[in-house]
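Beneath this line is the structure, given in structure tokens, with notes to follow.
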Amino acid sequence: MSDGVYDMPEEPRRTRRTPGQRPRALLPTIATLIVLLILFSVFTDVWTQRLWYRSVDLGSVFSTVLGTRVLLFAVVGLLMAAAVVANVIVAYRTRPRVALAPSPSPGFERYGELLQQRGKIAIAVLATLMLVFGGSAASGEWKVFLAWRNRTPFGVTDKHFNKDIAFFVFDYPWLRVLLGFGYSIVLLSLVAAIITHYLYGGFRPSAKGQKASGAAQVQFSVLLGLLVLLKAFSYWLDRYGLTTSDSRLFTGISYTGDNAVLPSKEILAVIALLCAVLFFANVVRKTWLLPGVGTVVLVLSAILLGALWPAALQQIRVRPSEPVKEASYITKNIEATRQAYGLENTKVINYEAETTAKPAELAKDAELLPGIRLIDPSVVGPTFEQLQQVRGFYSFPTDLDVDRYKIGNQVRDTVIAVREVEIDRLPAGQRNWNNDHTVYTHGYGVVAANGNQRATDGTPVFSEKDLPPTGELGDYEPRIYFGEQSPDYSIVGGPKGSPAVELDTPEGQNGGDPTLNTYTGKGGVPVGSFGNRLLYATKFRDANLLLSSRVNNESKILYDRNPRERVEKAAPWLTPDGDPYPAVVDGQVVWIVDGYTTSANYPYSEKVALDDSTRDTTTGRGTIAQQPSEQINYIRNSVKAVVNAYDGSVELYAWDESDPLLKTWMKAFPGTVKARSEISPALMSHLRYPEDIFKVQRDLLAKYHVTDSTTWYQNSDLWRVPADPTQGAGGGDSAVVNQPPFYLSLRMPDQTEPKFSLTSVYVPNAERENLTAFMAVDAEASSPDYGQFRILRLPGNVQIPGPGQVANKFQTDDGIRAALLPINQPSSGARAQYGNLLTLPLGGGLLYVQPVYSVRTSGAGSYPVLRYVLVGFGDRVAFGSTLQEALGKVFNAEVSTGEEPVGPKPTTPPANQTIKQALAEAQTAYTAAQAALKAGNLAEYQAQVNKMKAAIDRAVTAGAAPPATPTPTPTGTPSTPPVTPPASTPTSGG
């Protein structure tokens, strides 16, 4: 207090926030959070991958892949970061005191000052970027590194460099990878050095006098010398790359490649080496004259030797006498291609096919008739679904599979499918998280039908059916937790004694309430702990995994459930076949997946695009996957993989144990592939020759069945796979795509008994569609001839109709058209659907068999039923309600096919009903023709006359000659002869 007045206390000063202070504090926080989120996301992905691999007892695969990727990331990333940072530091420390010339922009000087102030931060950022860039690129090459590190000799040497094939398949790709990293490291170091010298005045390309300081010149010379040295190494490696380069004619070294390109690469390698020496010498001499001259010489040499010389040699010496010059190189290509694709032991049999049906010849092959499959697996999927779906949330694939099962005392070709759950089919009112992921968790049961039988109503004869499953496949675990249409993920399992929630079957065995189940299999990843629940909630971006009470201490999560994807993940070095198939083996439903080892570096072998070679009308449809778009020139079916449909376990069995690639990967991943001898007899009985490798091989054999270089060059014996004739017929797709191969039980001329085989046909590579060859490979894994290709080469002087021509005969034959007319009538509400057109050697010739289905065109619940079987032999075609009937008409003999329809015989409408219908159509056409005649429309008149004639022909075929109908005559034109009913078509057995 002073002078009676209280002194007010001094108000504390507030620190004034300078503009931009809060944002400066906020930005690092946001950046830190982003980095943490990225790191947690990476950790989640890595850790959940580890948990998945442990769940299938393949933790060693995860650790090997992860360890290899980390090693490559660290080594290459650190090397790139160290090289670039070192060059920046060297450039900075050797900067001149005074810039060689003023900077063209003041901004560059400010950048230089800023870097001086924040040098450590800038270096850290640069090193991090280089580490991430180089390490990420290197970690992606882990397969190339592991294959090189564990390489196995082929025991075969190439015929040019005298090196084991392993050098080209394993060493050469890894050397190319190292060369690429070398280029990247040196080039980035050079760019970093140039920028640094420019910022600090040591490099001024626009200066009139000295453009680079002495230190900059030394650094640039060393880096450019290294770059040119790498180019010399690249030229040297290019020599080996010629063995897999594509020329106009084939893959491999050609005459021009051998006599011009190869020596030019060697010369250019020497020139590049000398040029690199000149750059290194520039460190001492400090003049750009000699390195510049060397660079000019290198560029001119590359143009003259690398481009002009080969082009001139090709034009002047090779092209005028190309068949002679290229003969030895074509021979190398043929031999290597057949070896790389497993075609060297293909048998080509000259087959004098009969074109006239003879009962005696058919009698010799009577035992083959029960093996002719009538049920088309690509058509009857909807039939299986409608008759065996049971509930709307179950489904079957679009294309079913063909296998063999012992039904009674006979091994039959069987069409088989798994009844899977498809939650997308649940009604909207039933869609919620609990139902989608904890209730509808699995499918139930297998459905199978005899391939050569039909019921009297045209439906398949099921050898396994219904819920719960009953039939002739024996007892097995029916629950399908892992399949081609399984949900993305399901939460299964629970404490012992807790209420079950997983839907087993819609009703109990005797009706009543649904039956529920609790998963007890060993498959799946435990998610009882909070940590695992958090990881998977992050992985699937689904908070319900953390919040739902359905996730308990004993819960497991099932994901990555598609058998093909499961094998691809368990064995990342394999290329799985596009069509896994189910089988009942030792009381379990399993998925069998064929695995391929491939390479694009087999010397002289022809390269093909894997996706193009395996594409046909079934590829990409339904669950049949398309192969990746990659080039290959070597393939082996090296592994048979088995995925258990209940517990998801993956078993890999070595199949082609002589394959060097398989041996290499077995060394890289020891203990993951079991020996072939461990395959059980029950499993062996269901293994078959896979489709995708067969498609690749048939694509190659269309050209490489020729072993003579002259004939090969002339392309005078070139074949092709025909287009699928069923596309565009009976409502099919109109796109022109290759006919798929077919599994059939048949006997080739040099075989003593029928074998389960995979078959295809060829037509000439011209506009003609006649048959030129039939091919089959023994597909029965237990057969000593498994994998043996046999080609029946047809004589060139005999016209054997091809699939397209036979399909045309079927669809234009009056008798067949008359039989199908009631089905195809718009008023019938149905249409005819043509099934697969099968070809097989029978009766001394080639027999065509095609089922025809009737399917309703509108309304729910529509499905195809088998109505007729079409048969073609030579120039004769016929049809019948059974194969036995159709064959009897073609061969004019009684036969027994073992496919007598099962069930009560359907009542057949009286013949006069068909006659009345045909005559009514003839009368309608006659009336329309008269009207068109009066109107002067002669084109319409003729069209109606043709319709009238076709209707009369159908009436005749039905067995009665209609009364003559007068033909109208146009006024003022010559009289048209009356239409007389023709005799029954001689080519038709209908």
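The values are calculated or read from the model by the stated rules, or taken from the named source; none is laboratory data. Given the structure is predicted, the values throughout are model-derived calculations rather than measurements. Cβ atoms come from the backbone with ideal geometry, glycine included; neighbour counts cover every protein chain shown.
Of all residues being part of a helix (DSSP H, G or I) and of a type in the set (G, A, S) in the stretch 209-221, which is nearest to L175 (Cα to Cα)? Just the residue, please. The selected residue is S221.
Which one of T752, T726 is in a loop (DSSP other than H, G, I, E, B), β-branched (V, I, T) and either buried (at least 23 other Cβ atoms within 10 Å of the Cβ) or touching a His at 6+ places or on another chain (Cβ under 7 Å) (or both)? Working first, answer last.
Numbers: T752 fails: either buried (at least 23 other Cβ atoms within 10 Å of the Cβ) or touching a His at 6+ places or on another chain (Cβ under 7 Å) (or both).
Answer to the check: T726.
Would you please name the residue that is nearest to G451 (Cα to Cα), looking only at residues in the stretch 799-836 that are among the polar types (S, T, N, Q) and modelled with pLDDT of 85 or more? Only one residue fits best here, namely N836. For R454, the conditions (1) charged (D, E, K, R); (2) under 30 Å from the mean Cα position of the chain (by Cα); (3) assigned to a strand (DSSP E or B) all hold with the exception of (2). The lone criterion from (1) buried (at least 19 other Cβ atoms within 10 Å of the Cβ); (2) over 21 Å from R688 (Cβ atoms) left unmet by A455 is number (1). When R790, R817 are screened for being touching a residue at least 60 places away in the same chain (Cβ under 8 Å), in a helix (DSSP H, G or I) and charged (D, E, K, R), only R817 passes. Residues that are hydroxyl-bearing (S, T, Y) and in a helix (DSSP H, G or I) within the stretch 364-383 comprise just one, T383. Listed by position, the strands (runs of 3 or more DSSP E) contained in the stretch 466-535 that have at least 2 residues being buried (at least 21 other Cβ atoms within 10 Å of the Cβ) are 489-492. The residues of the stretch 391-426 that are within 13 Å of Y440 (Cβ to Cβ), assigned to a strand (DSSP E or B) and either of a type in the set (S, T, N, Q) or touching a helix residue (DSSP H, G or I) at 6+ places or on another chain (Cβ under 7 Å) (or both) amount to a single one, S395.
For the stretch 501-513, give me each residue that is at negative phi and at pLDDT below 85. Before the answer, list the steps.
Here is the first cut: in the stretch 501-513, the ones at negative phi are 501-510, 513.
Across the stretch 501-513, the qualifying residues are P506, E507, G508, Q509, N510, D513.
Residue by residue through the stretch 314-348, note down the ones that are aromatic (F, W, Y) and either within 18 Å of D717 (Cβ to Cβ) or assigned to a helix (DSSP H, G or I) (or both). Talk me through it step by step, then tell me what you get.
The initial filter retains those residues of the stretch 314-348 that are aromatic (F, W, Y), namely 329, 341.
The one that is aromatic (F, W, Y) and either within 18 Å of D717 (Cβ to Cβ) or assigned to a helix (DSSP H, G or I) (or both): Y329.
Does the stretch 328-342 hold any residues that are crowded, with 16+ Cβ neighbours inside 10 Å and either of a type outside the set (F, W, Y) or under 30 Å from T897 (Cβ atoms) (or both), and which are they? Even if it seems obvious, please write down each step before you answer.
The initial filter retains those residues of the stretch 328-342 that are crowded, with 16+ Cβ neighbours inside 10 Å, namely 329-342.
Correct list: I330, T331, K332, N333, I334, E335, A336, T337, R338, Q339, A340, G342.
For the structure I just gave you, tell me whether T839 is free of Cβ contacts under 8 Å to residues at least 60 places away in the same chain and among the hydroxyl-bearing types (S, T, Y). So T839 fails the test.
So which residues in the stretch 230-266 are closer than 11 Å to G306 by Cα and either touching a helix residue (DSSP H, G or I) at 6+ places or on another chain (Cβ under 6 Å) or surrounded by 16 or more Cβ atoms within 10 Å (Cβ to Cβ) (or both), if there are any at all?
First, pick out the residues of the stretch 230-266 that are closer than 11 Å to G306 by Cα: 235, 257, 260-266.
Y235, G257, A260, V261, L262, S264, K265 - these are the residues of the stretch 230-266 that are closer than 11 Å to G306 by Cα and either touching a helix residue (DSSP H, G or I) at 6+ places or on another chain (Cβ under 6 Å) or surrounded by 16 or more Cβ atoms within 10 Å (Cβ to Cβ) (or both).
Taking the criterion of being part of a loop (DSSP other than H, G, I, E, B), at pLDDT 95 or above and basic (K, R), the only residue of the stretch 147-162 that qualifies is R151. Considering only residues of the stretch 824-838 that are assigned to a helix (DSSP H, G or I) and among the small types (G, A, S), which is nearest to N738 (Cα to Cα)? Of everything passing the filter in the stretch 824-838, S828 is nearest to N738 (Cα to Cα).
Would the stretch 824-833 turn up any residue that is touching a strand residue (DSSP E or B) at 6+ places or on another chain (Cβ under 8 Å), farther than 23 Å from I635 by Cα and surrounded by fewer than 18 Cβ atoms within 10 Å (Cβ to Cβ)?
yes
Can you confirm whether the stretch 362-372 contains a residue that is closer than 26 Å to T618 by Cβ and either β-branched (V, I, T) or at pLDDT 90 or above (or both)? Yes: the stretch 362-372 contains one or more residues that are closer than 26 Å to T618 by Cβ and either β-branched (V, I, T) or at pLDDT 90 or above (or both).
Could you please find all residues in the stretch 839-866 being β-branched (V, I, T) and assigned to a loop (DSSP other than H, G, I, E, B)? Within the stretch 839-866, just T857 meets the criteria. Has the stretch 856-872 got any residue that is in contact with a Ser or Thr (Cβ under 9 Å, 6 or more places away or on another chain) and over 24 Å from S378 (Cα atoms)? Looking through the stretch 856-872, none of the residues is in contact with a Ser or Thr (Cβ under 9 Å, 6 or more places away or on another chain) and over 24 Å from S378 (Cα atoms). Across the stretch 203-229, the qualifying residues are those that are under 14 Å from K286 (Cβ atoms) and modelled with pLDDT under 85, and the one among them that is surrounded by the most Cβ atoms within 10 Å (Cβ to Cβ) is A212. Candidates in the stretch 539-571 are the residues that are hydroxyl-bearing (S, T, Y) and assigned to a loop (DSSP other than H, G, I, E, B); of these, the one that is surrounded by the fewest Cβ atoms within 10 Å (Cβ to Cβ) is S549.
Give the stretch 520-536 a look and list any residue that's of a type in the set (S, T, N, Q) and in contact with a helix residue (DSSP H, G or I) (Cβ under 9 Å, 6 or more places away or on another chain), or say none.
Pass one, the stretch 520-536, residues of a type in the set (S, T, N, Q): 520, 529, 532.
N532 - this is the single residue of the stretch 520-536 that is of a type in the set (S, T, N, Q) and in contact with a helix residue (DSSP H, G or I) (Cβ under 9 Å, 6 or more places away or on another chain).
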